[in-house]
Amino acid sequence: MLKQRILSSFSLWGTLFLVLCFFGISGAVGLIIFFNILAQREFAKLLKTPFRQAIFDITLGVLFLTSYYFCSINNHCQDLTYALALIVIFNWSIFFGKTALAFLTSLFCFWYMPINLHFFLKIPELYAWENATSLAVVIWSVWVTKLTDVGGFFVGCAVGKHHLAPLVSPKKTWEGVGGGMAFALVGNIVYFLCFSKYFPNTFTFGKSLIFTFIMAWGSVVSDLLESLLKRQIQTKDSGRSIPGIGGVLDLIDSLLLNAPLAYILFKHFV
């Protein structure tokens, strides 16, 4: 399991690196949409969502992210895409879904994945879609988030004793939280020293440390939310598509809160 997890992690980071090197921001947008499709598909399977509704939810997510991206780069009204998506969900639920459960499922699925992930598209807006700065901030956000996951896993397995939220995730410990934060801080220092020239001038080393603490805690909370959902559904992993990790939703769960969190930090405090 550990060997598979390590191999999968290196493969995923290698793929991310190659895509971003060759395609830049457009590649990042493509990855966001791709992972959103897979995650929504897994979520539909977990909830045993009817096929027609699952197709609707996934299609709406793709259209929202795609249209938001094109609205952003062309300076159109991005709020229009959100308003239209809600109108579509309301009408579909009445005339096709026909149950309160179908409505609530579609609405939650839309808010939980596409809406949260779209903040990774809003971050480049802050820098007028300038490729280097936009990528530096987005990758930093993913980097410190995933290092929190890695540190939490290894330290928690090695020395974890004090449970963090036993009713939600029995294996999560305070020691793991501390280890995750330590990994994220070290990773931030390395990343900042290597790529500081690409960051906004107002993003200082001190701010990077404070932001890392905030993002690390956001990663923990976001991960626990998925654990809460899986516990309710009584399943361990969202899928088995990624050896050693689980499903795609297990891979991106910690990013779902940290995408809007990173956007708020860089928009209002940098």
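Using the Cα centre as the reference, give the magnitude of the dipole from point charges on the C-beta atoms of the chain (Lys, Arg: +1; Asp, Glu: -1; all else neutral), rounded to the nearest 20 debye.
Dipole magnitude for the chain comes out near 560 debye.
Return, ordered by residue number, the residues of segment 201-233 whose backbone nitrogen is under 16 Å from a label point located 7 Å along Cα→Cβ of H268.
Only 211, 214-215, 218 pass the distance filter.
Tell me, how many Å apart are the Cα centres for segment 35-104 and for segment 216-254?
If you average the Cα positions of each part, the centres end up 21 Å apart.
State whether the chain is rounded, prolate or oblate according to the following rule on the C-alpha gyration tensor (a ≥ b ≥ c being the square roots of its eigenvalues): a/c under 1.5 gives rounded; otherwise a/b larger than b/c gives prolate, and the remaining case gives oblate. Show your work: numbers first, answer last.
Details: a/c = 1.82, a/b = 1.13, b/c = 1.60.
Note, shape of the chain comes out oblate.
Using θ = phi - 60° and the Karplus relation 6.51 cos²θ - 1.76 cosθ + 1.60, list the HN-Hα couplings for segment 39-52 in order, rounded to whole Hz, with x at every Gly or Pro.
5, 5, 5, 5, 4, 5, 5, 4, 8, 6, 5, x, 3, 4
Looking only at L126, L101, L65, which one moves most when the chain is put into a Gaussian network model with springs between Cα atoms under 10 Å?
Ranking L126, L101, L65 by mean-square fluctuation puts L101 first.
Anyone know which of G176, G152, G97 comes out most mobile in the 10 Å Cα GNM of the chain?
G97
Dipole magnitude of segment 27-146 about its Cα centre, charges +1 at Lys/Arg Cβ and -1 at Asp/Glu Cβ only, in debye to the nearest 20?
480
In a GNM of the chain with a 10 Å cut-off on Cα contacts, which of T133, T105, T204 has the highest mean-square fluctuation?
Its mean-square fluctuation being the largest, the pick is T204.
Compute, for segment 196-267, the length of the dipole vector about the Cα centre, with Cβ point charges of +1 (Lys, Arg) and -1 (Asp, Glu) only. Units Debye, rounded to 20.
About 160 debye.
Considering only the other residues whose Cβ falls under 12 Å of the Cβ of C157, what net charge follows from Lys and Arg at +1 and Asp and Glu at -1?
Once positives and negatives cancel, what remains is +3.
Since every read-out is calculated from the coordinates, none of them should be taken as a lab result. All values reported here derive from a predicted model rather than from experimental measurement. Cβ atoms come from the backbone with ideal geometry, glycine included; neighbour counts cover every protein chain shown.
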